[in-house]
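The structure appears below as structure tokens.
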Amino acid sequence: MSSMQNSLPKNETTVASVRLVDQTGRVEPLKDTAFAEVLSYLEARPVYTAYLSGMIRDNGLQSPRNRGTFYGYRNPAGQLEGVALIGHATLLETSTDRAIEAFALTAQRCKTVHMIMCEENRIGRFWDHYAGAGQQMRRACRELLFELRWPGEVSQVTNLRQANVRDLSLLIPVHAEMAKGESGVDPRDSDPVGFVERYTRRIEQGRTWVLTEDRKLQFKADVVAETPETTYIEGVWVNPDARRQGYGRRCMSQLARMLLWRTKSICLFVNDENEDARSFYKDVGYHFRTVYDTVFLK
């Protein structure tokens, strides 16, 4: 966390940024009528925008399920130079610095921001303008984006399956602990009903994969977003009692084989400090793409 905080520039006045936005472009909430235009913009970099594109494909641009508002930044010619989801999770894809600044100033007015995540080369500029209203970080971490285009090995796991609602009692404690470990906040305390509802919907969408033995969860992984180009997964977990026995390797190989018939690649994030996970994903064929920084707010 300290290295992340030190990498962020000190805050400066945002008055010039406001003038810049007024003179050169505008930020506007995106409506569902812009669906095709927004996806076209995001799909220029499909691996880096899989989460945003997948959410839009699942929910549309205007939905309470997004837990925030999608905004676009348009230059004077009306062309998109950035798309951002601003809300509980704040993420952005931009092609100009002025779009980053504009989204930062827009995010200042949002009272529900819990987490901000963007590429390493953009977080400093965003934070410099966002923190002008006194926002403070509570926690920060660095995430590495990895991509797989074909599994490095072939394994057959016949009992890897899509989860069903009967698995909720096994999955909720594990998923909650993973969220707590990443953000420092237990969703069972902060939003118990919403947390269970969101995870139930993910299961009903066929997005959670599990391996169970004698009603004991041995492996799980969640498909969070799917596009024709990329599938984004997270929440990969192996039972501590079953680690170093090949469960993770075999299950991830089997899952990749099942997912890659309908998409061109799989991507995921690995915490920079988790050396074991970094080595594991490299061993099973994933390749490093770029670095993201995540800031959790007070």
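The values are calculated or read from the model by the stated rules, or taken from the named source; none is laboratory data. As the structure is a prediction and not an experimental result, all values here were calculated from the model. Counting neighbours? That spans all protein chains shown, and the Cβs are built from the backbone with ideal geometry, glycine included. Just so you know, the surface numbers come from the protein's heavy atoms only, side chains and all, with ligands and any DNA or RNA stripped out. Shrake-Rupley method; radii C 1.70, N 1.55, O 1.52, S 1.80 Å.
Summary of values
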{"quantity": "CD proxy at 222 nm, helix term only [per DSSP H run n ≥ 4: -39500 (n - 2.57); per residue of the chain; nearest 500]", "calculated": "-11000 deg cm²/dmol"}
{"quantity": "C-alpha long axis of helix 192-204 to longest principal axis of the chain, angle in °", "calculated": "60"}
{"quantity": "Helix axis angle, 168-183 relative to the chain longest principal axis, alpha carbon, degrees", "calculated": "40"}
{"quantity": "Pairwise label distance in nanometres, Trp150 with Lys298, each label 7 Å out on the Cα-Cβ vector", "calculated": "5.2"}
{"quantity": "Extension gain (nm, one decimal) between Glu275 and Arg138, 0.36 nm per residue minus Cα-Cα", "calculated": "47.0 nm"}
{"quantity": "Fraction of antiparallel bridges per DSSP, the chain only, in percent to nearest 5", "calculated": "90"}
{"quantity": "Leading residue at positive end of dipole, the stretch 158-298 (Cβ point charges), from Phe288, Leu255, Ile172", "calculated": "Leu255"}
{"quantity": "Between helix 120-130 and the chain: long-axis angle, C-alpha atoms, 0 to 90°, nearest 10", "calculated": "50"}
{"quantity": "DSSP-defined beta bridges in the stretch 86-232 - what % are antiparallel, rounded to 5", "calculated": "75"}
{"quantity": "Inter-centroid distance (Cα atoms) of the stretch 174-251 relative to the stretch 31-56, Å", "calculated": "24"}
{"quantity": "Solvent exposure of the chain as accessible area per residue, Å², 1.4 Å probe", "calculated": "48"}
{"quantity": "Percentage relative contact order, the stretch 189-291, counting C-alpha pairs under 8 Å, at least six apart", "calculated": "19"}
{"quantity": "Beta bridge orientation in the stretch 212-298: antiparallel %, DSSP, nearest 5", "calculated": "75"}
{"quantity": "Set of the stretch 162-176 residues, backbone N closer than 11 Å to the point 7 Å along the Cα-Cβ line of Met258", "calculated": "162-164"}
{"quantity": "Apportionment of accessible area to carbon and sulfur, the stretch 194-255, percent (1.4 Å)", "calculated": "42"}
{"quantity": "Partners for Lys111 among lysines (Cα-Cα distance below 26 Å; same-chain residues under 8 apart left out)", "calculated": "Lys10, Lys31, Lys180, Lys298"}
{"quantity": "Contour excess over end-to-end distance, with Cα ends at Leu168 and Glu120 and 0.36 nm allotted per residue", "calculated": "13.7 nm"}
{"quantity": "Label corresponding to Cα extents along the principal axes in Å when calculated from the structure given, among [x] 62, 38, 36; [y] 69, 58, 47; [z] 60, 52, 38", "calculated": "[x]"}
